[in-house]
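Down below is the structure, laid out as structure tokens.
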Amino acid sequence: DASALGLFKSFKLKFVGMASREEVEAEALKLFLSISLDETVAKNALKNPKFVRALTEVCQEAGVATSGCEKSTGNLLYTVATKYPANALSHRPKLLEYVVNGQMKSNQQLEGAFDYLKKIGTTDIVAADLEAAAGVGVVVTAEEISAAVADAIKANEEKLREERYHCNTNIFVGQVNKTLKWAEGAIVRAEMEAQVEKFLGPKTEADLKPPEKKKPAKAPKEPKPDAKNAPEVTQAEEPAVPDDPYAFLPKPDQNNMVHTSIAFSDGSTMRVANSPEQLKAHLERMGGTVVTRFPPEPNGYLHIGHAKAMFVDFGMARQYGGKCYLRFDDTNPEAEKQEYIDHIVDIVTWMGWEPWKVTYTSDYFDQLYAYAVDLIKRGHAFVCHQTKAEIEASREKREPSPWRDRPIEESLKIFEDMRRGMVDEGKAVLRMKMDYKNDNYNMFDQIAYRIKFVAHPHAGDRWCVYPSYDFAHCLVDAIEDVSHSLCTLEFESRRASYYWLLEALDTFKPLVWEYARLNVTNTVMSKRKLNKLCTGGFVSGWDDPRLLTLAGMRRRGITPAAINNFIREIGITRNDNTIPMHKLEHHVRADLDATSPRALAVLRPLKVIVTNLPESHFEEVDAKVFPGRSEETYKVPFTRVVYIEQTDFREIDSKDFYGLAPNKSVMFRYAYIVKCTGFKKDSSGGISEVHVMADLETAGKKPPKGVLSWVAQPRPGVQPAAAEVRIYDVLFKSEDPASMEDFLEDMNPGSLEVISGAYVSPHVAAAKPGDRFQFERLGYFCADTNSKQDALVFNRTVTLKESFPKFSK
């Protein structure tokens, strides 16, 4: 009735932010108590906003939103709101008629009805079949109930005699319900109580006392392990990452559930689902497989957030032996470049993904135009002449376009003129006739087509009208028979418009599911901010290793395996949070530790003279490629002149220093024990040279605690290969620079340190761009894309151990 509808609309408005949370909860509690729910149950229901909405809709559909109802009916309405099958919501009002009229009185009857409705989905109800499934009209006599209760008591006589009134007779009631499916629960329980009392007699004082709690038997003590043979205590392992991170998503053959409920401003609700025929046809066309799509816009470079999207889209298809499109969402010809298309194809391949097909939204421009014409013919679209500013103003006022109700034939003619280039750019758009008063702005008669006299990079100059993202995206999903349309949470508000259009054109409807976008501390990932950094000269370009663009991460030396392992661990959830940078670095470090060969290098060389070796001395020592894991070695020259890190020498020794100092011995890694015999200083007072004597009989002797990396001359009198080394830190000082008024002011001035004149061993000097190493004691490094044998450049990918910025909290 009108009053119930008014209350429901008022209640709905409070849900969308026009009242405080306390007012919304008070309104909901008042409604739930009016249907005689226990106060505790009603208050607990308020904790789940989605359930509050569902129960409110059930009350409105049942016609009890203002009048209330008895407790027995209210409890059944609660069950309907909780368990009703999502693929048959269009039939819920019919079911509620049976509940309110007293034809369905028990949860057992509802369960039977739910099973039937789940099978038929959106197809027509056959009343006789529904009633048979729910036991409507079935009469269970008192005699039948009495006999069934007697049988249950007889089967449990021994248990009853032992436990008497402390026995849980609900178990016996369950046994009766299995025998008499449609018997009313209250009558069965009353009969059970009467027969139990008759069987046991009146309660005694012992029966009235609470039962004694049985103490669980103590497990025998295990003997303490012998201290010498005790197993090594290790740290608890991290929780295992699930083998199938997509298991919670419905399978393609379950894609007939309601995908969304669209609430309209007039109080009506559209429930969108595939019909059994649509689902059957889709499954036949695609063989019942999972079909996903990775749909980047070719207007920029990909970042780590896109890596998560690839993991979701390509990963799900791979998990189930399905198909994943790489689809370029190229509806804006002014912003798209072949450079971006080539980059995206390259990065997708580098990340280890293989598209089933590479497609473009522009491949379907003919079909999309035909859909637009069909939409006009169905009365769901119109040509509008409002300017952009006028549309925005009317949106704020919730006012319709003056051309919203123009005749269909008139819109068809003008739209054809638009296609033929006979209407000036900006003078007309095609808009969808959705719901201009809707609380969701994405339902506000969105633009479907606009005029642009610009050639398209992929489609050429054939078109001068182009579809909007909101018009094209869902329809191309349907055209390509996508089973799962997966996207980030900022698109959740578009779900209503997505399904409205597919329902209006009666197409197949993919399952849409939104997940939290990937946010990482101390960086930005919006295209606008990244573009400002790159074009403003704040970084060296889109592949600057300080950025979390995938090009930048590749250049820095981060592997696809590390990125995908990181994404797998953080999971695919709807929890919107920011992941600490060190979590990513943990996976980078773990991957590089397993795959990067070791090498000797010094970043800030200090000359060392081995005074007990002749100037012509040359030998090669064996260094380990993977110390402790493999016996594989590589040759390293050792000469009279070697170089160590400047920080590995001090004039004055201390207990916590393991480097070289006067009269102190250290081990040169893979070579000899050496002892410092002296040093020289330059004119400024800095150490310029250190003298040592080598113990040439080192083999078999206990090495000192200090073990140093070093680089020798490749041949006597020839300087080692020099390299430029770039040390990277986080680009921004704060964890969330995007939230700042001017994110550029938060840039870390120490995010890049360039070290010239580092020395590397000969086999590192032959590195090609992209080659990765662990420089022992220094970190993991990668040869830069601009590195050449006569001008070596290495980027530090990550430190050996977890580290945090000095300015982080």
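Within region 469-500, the residues that satisfy the criterion of being open to solvent by 20 Å² or more (accessible area, probe 1.4 Å) and among the acidic types (D, E) are D470, E490, E492. Among the residues of region 732-739, is any touching a helix residue (DSSP H, G or I) at 6+ places or on another chain (Cβ under 7 Å) and loosely packed, with under 15 Cβ neighbours inside 10 Å? Looking through region 732-739, none of the residues is touching a helix residue (DSSP H, G or I) at 6+ places or on another chain (Cβ under 7 Å) and loosely packed, with under 15 Cβ neighbours inside 10 Å.
Table: residues versus (1) under 34 Å from the mean Cα position of the chain (by Cα); (2) open to solvent by 30 Å² or more (accessible area, probe 1.4 Å); (3) of a type in the set (F, W, Y).
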site	(1), (2), (3)
T359	yes, no, no
D363	yes, yes, no
L368	yes, no, no
K377	no, yes, no
E392	yes, yes, no
D405	no, yes, no
K413	no, yes, no
K433	yes, yes, no
Y436	yes, yes, yes
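To keep it simple, each residue is scored yes or no on (1) touching an Asp or Glu at 6+ places or on another chain (Cβ under 8 Å); (2) open to solvent by less than 20 Å² (accessible area, probe 1.4 Å); (3) within 16 Å of L600 (Cβ to Cβ).
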{"residue": "L708", "(1), (2), (3)": "yes, yes, yes"}
{"residue": "V730", "(1), (2), (3)": "no, yes, no"}
{"residue": "G770", "(1), (2), (3)": "no, no, no"}
{"residue": "C782", "(1), (2), (3)": "yes, yes, no"}
{"residue": "Q789", "(1), (2), (3)": "no, no, no"}
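Just so you know, in region 796-809 the residues that are surrounded by fewer than 22 Cβ atoms within 10 Å (Cβ to Cβ) and in contact with a Phe, Trp or Tyr (Cβ under 9 Å, 6 or more places away or on another chain) include one that is nearest to V539 (Cα to Cα), and it is T799. The strands (runs of 3 or more DSSP E) falling completely within region 593-692 that include 3 or more residues that are closer than 27 Å to V798 by Cβ map to 633-639, 641-645, 665-668. Screening K705, K768 for residues that are without any contact (Cβ under 8 Å) to a residue 24 or more places away in the chain, basic (K, R) and part of a loop (DSSP other than H, G, I, E, B) leaves exactly one candidate, K768. Of the residues in region 662-670, not one is under 18 Å from G717 (Cα atoms), open to solvent by 20 Å² or more (accessible area, probe 1.4 Å) and not polar (S, T, N, Q).
If the condition is being more than 21 Å from Q446 (Cβ to Cβ), among the aliphatic types (A, V, I, L, M) and either assigned to a strand (DSSP E or B) or open to solvent by 60 Å² or more (accessible area, probe 1.4 Å) (or both), then region 501-539 contributes L511, V520. Looking at E193, is it farther than 30 Å from K209 by Cα, without any contact (Cβ under 8 Å) to a residue 40 or more places away in the chain and acidic (D, E)? No. Given the structure, is V764 open to solvent by 30 Å² or more (accessible area, probe 1.4 Å) and closer than 24 Å to K635 by Cβ? When the stated conditions are applied, V764 does not pass them. With the structure loaded, tell me whether L180 is under 23 Å from G102 (Cα atoms) and either modelled with pLDDT under 85 or open to solvent by less than 60 Å² (accessible area, probe 1.4 Å) (or both) or whether it fails that test. Judged against the criteria, L180 is a match.
Answer yes if at least one residue in region 366-382 is basic (K, R) and outside any loop (DSSP other than H, G, I, E, B), and no otherwise. Yes, region 366-382 contains at least one residue that is basic (K, R) and outside any loop (DSSP other than H, G, I, E, B). When region 339-355 is limited to residues that are among the hydrophobic types (A, V, I, L, M, F, W, C) and under 28 Å from W463 (Cα atoms), the one that is modelled with the lowest pLDDT turns out to be I341.
Remark: pairs (first residue in region 546-571, without any contact (Cβ under 8 Å) to a residue 60 or more places away in the chain; second residue among the acidic types (D, E) and in a loop (DSSP other than H, G, I, E, B); Cβ separation under 7 Å; 6+ apart in sequence or on different chains) = G552/D543; G552/D544. Quick test of your reading of the structure: T349 fulfils all but one of (1) in contact (Cβ under 8 Å) with a residue 24 or more places away in the chain; (2) in a helix (DSSP H, G or I). Name the failing condition by number. Single failed check for T349: (1). Quick check on I171: is it among the aliphatic types (A, V, I, L, M), closer than 30 Å to P211 by Cα and touching a residue at least 40 places away in the same chain (Cβ under 8 Å)? No, not satisfied. Of all residues in region 624-653, none satisfies the criterion of being of a type in the set (G, A, S) and in contact (Cβ under 8 Å) with a residue 60 or more places away in the chain. Filtering region 319-346 to residues that are farther than 18 Å from Y469 by Cβ and either free of Cβ contacts under 8 Å to residues at least 24 places away in the same chain or hydroxyl-bearing (S, T, Y) (or both) leaves Y320, E339, D342, V345, D346. When residues in region 12-37 are screened for being at pLDDT below 50 and surrounded by 17 or more Cβ atoms within 10 Å (Cβ to Cβ), 3 of them pass.
Within region 585-596, restricting attention to residues that are in contact with a strand residue (DSSP E or B) (Cβ under 6 Å, 6 or more places away or on another chain) and of a type outside the set (S, T, N, Q), the residue that is surrounded by the fewest Cβ atoms within 10 Å (Cβ to Cβ) is E585.
The requirement of being among the small types (G, A, S), open to solvent by less than 60 Å² (accessible area, probe 1.4 Å), under 20 Å from P457 (Cβ atoms) and modelled with pLDDT of 95 or more is not satisfied by S401. The residue list K427, K452, K437 contains one member that is touching a His at 6+ places or on another chain (Cβ under 8 Å) and not β-branched (V, I, T), which is K427.
Residues that are under 14 Å from L606 (Cβ atoms) and open to solvent by 40 Å² or more (accessible area, probe 1.4 Å) within region 671-706 comprise F679, K680, K681, D682, I687, S688, H691, listed in sequence order.
The values are calculated or read from the model by the stated rules, or taken from the named source; none is laboratory data. Quantities reported herein were computed from a predicted structural model and do not represent experimental measurements. Neighbour counts are summed over all protein chains in view; Cβ atoms, including those assigned to glycine, are modelled from backbone coordinates with ideal geometry. Accessible surface is based on the protein model in full, side chains and every heavy atom, while ligands, DNA and RNA are left aside. Shrake-Rupley method; radii C 1.70, N 1.55, O 1.52, S 1.80 Å.
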